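J.: A single structure is presented below for examination.
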Amino acid sequence: MTELGKRLREAREEKKMSLDELQELTKIQKRYLLGIEEGNYAIMPGNFYVRAFIRQYAEAVGLDPDELFEQYKQDIPQSYQEDIPQPLSRVKTRQQLSAEGAKWLDWLPKLLGVAAVIGAAVLVWLLLQRNTAEVPPAKTSPKTAEVEKSNHSPLEQSKKPKEEEQTAREGGEENEQSAPAKSEEKPAATLSVKEKSGNTATIEVQHADTFTIELSSRGKSWVDVYNTKGHSFFRNNLTKGQTKTFDLSAESEVWVKIGNALDVDVKVNGEPFAYPFDPNDEVFQKLRFILKK
């Protein structure tokens, strides 16, 4: 075992993390994590991956990777540009690009012809619409207007304004009576810890129509926020002074994993959230939120 591997393993054990938990947090295969601790870099895909895996391991256990690279540079293989895999099979040669360009040139006259036909059809349609809009409405003859006026006696015409006023007043009273009552305010979300095991806590959130989580760092900590459908909202280090807010109202189950709970403050719907475990006893905490609408 190299000095670097020994240092990384001690940091992992101080956080009470198993290799399985570290694999789940970093998404690095367990055999590669074990190879880093034992200094067995031959099983890695290349030097580039060795350095990348060591960096992720260090960040997950709360160590500074740049400081480790400088202190143990004799134990870490150097990375070269040729170690980075290149998708050479996808690179097209100039001859292939030229052939594709020639195909497009063959199709260009046909496309222009189709566009011209479509343009002509649209122009004819617009002209037809314009001619239809310009047809004047039929006029009412003076004789017809006189007949309509004569159908109402002076008495009926004097009663009409009063009847309209009364109808309007009755309609206003009905609208006031039928006005819907103000909707009752929905109860605020409530949190209750349902289960605690090891460093994992299951928290049930009642009335979770609105559910937001705010994470603020006072130091440096690895944070992982994801749902059970395979979508990751955030998976990285949260540095000092950095704040991340997540609107999770549409979710039914959410996981929040915090590598260093001593340096991260949590708020749920704007209110401070108390960790289920004392951060002095459990630095690495896994929180499972189950949302009840």
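J.: Can you tell me which residue within the stretch 267-293, out of those that are in contact with a Phe, Trp or Tyr (Cβ under 9 Å, 6 or more places away or on another chain) and charged (D, E, K, R), is least open to solvent (accessible area, probe 1.4 Å)?
T.: Among residues in the stretch 267-293 that are in contact with a Phe, Trp or Tyr (Cβ under 9 Å, 6 or more places away or on another chain) and charged (D, E, K, R), the one least open to solvent (accessible area, probe 1.4 Å) is LYS286.
J.: To continue, here is another question. Working carefully through the options GLY230, GLY241, find the one that is modelled with pLDDT under 90 and in a loop (DSSP other than H, G, I, E, B). Before you say what the answer is, go through the steps one by one.
T.: On the way: GLY241 fails: modelled with pLDDT under 90.
It is GLY230.
J.: If you don't mind, there's one more thing I want to ask. Exactly one of (1) acidic (Asp, Glu); (2) modelled with pLDDT of 85 or more; (3) loosely packed, with under 10 Cβ neighbours inside 10 Å is unmet by GLU134. Its number?
T.: (2)
J.: Among GLU195, GLU204, which is assigned to a strand (DSSP E or B), without any contact (Cβ under 8 Å) to a residue 24 or more places away in the chain, in contact with a strand residue (DSSP E or B) (Cβ under 7 Å, 6 or more places away or on another chain) and not polar (S, T, N, Q)?
T.: Only one candidate passes the filter, namely GLU195.
J.: Of (1) open to solvent by 30 Å² or more (accessible area, probe 1.4 Å); (2) part of a strand (DSSP E or B), VAL256 satisfies all except one. Which?
T.: Status for VAL256: all satisfied but (1).
J.: Search the stretch 226-253 for residues being hydroxyl-bearing (Ser, Thr, Tyr) and free of Cβ contacts under 8 Å to residues at least 40 places away in the same chain, and hand back the single one that is surrounded by the most Cβ atoms within 10 Å (Cβ to Cβ).
T.: TYR226
J.: Let me ask you something else. Can you tell me which residue in the stretch 22-56 is farthest from LYS286 (Cα to Cα), limited to those that are open to solvent by less than 30 Å² (accessible area, probe 1.4 Å) and among the β-branched types (Val, Ile, Thr)?
T.: VAL50
J.: May I pose another question? Kindly establish whether ILE28 is modelled with pLDDT of 85 or more, in a loop (DSSP other than H, G, I, E, B), in contact with a Lys or Arg (Cβ under 9 Å, 6 or more places away or on another chain) and more than 19 Å from LYS220 (Cα to Cα).
T.: no
J.: Return the pair list, or none, for Cβ contacts closer than 7 Å from residues in the stretch 47-71 that are touching a residue at least 12 places away in the same chain (Cβ under 8 Å) and part of a helix (DSSP H, G or I) to residues that are charged (D, E, K, R) and open to solvent by less than 50 Å² (accessible area, probe 1.4 Å), at least 6 apart or on different chains.
T.: Short answer, once both residue conditions are applied: ASN47/ASP83; PHE48/ASP83.
J.: What pairs can you find where one residue is in the stretch 19-41 and within 22 Å of TYR72 (Cβ to Cβ), the other is aromatic (Phe, Trp, Tyr) and open to solvent by less than 10 Å² (accessible area, probe 1.4 Å), and their Cβ atoms are less than 8 Å apart, with a gap of 6+ or different chains?
T.: Here the result reads LEU22/TYR57; THR26/TYR57; ILE28/TYR57; LEU33/TYR57; ILE36/TYR57, each pair linking the stretch 19-41 to a residue that is aromatic (Phe, Trp, Tyr) and open to solvent by less than 10 Å² (accessible area, probe 1.4 Å).
The values are calculated or read from the model by the stated rules, or taken from the named source; none is laboratory data. Treat the numbers as computed from the prediction; the structure is a model and nothing was measured. Using ideal geometry, Cβ is built from the backbone for each residue, glycine included, and neighbour counts are taken over all protein chains shown. Note: accessible area is taken over every heavy atom of the protein model, side chains too, but ligands, DNA and RNA are not part of it. Shrake-Rupley method; radii C 1.70, N 1.55, O 1.52, S 1.80 Å.
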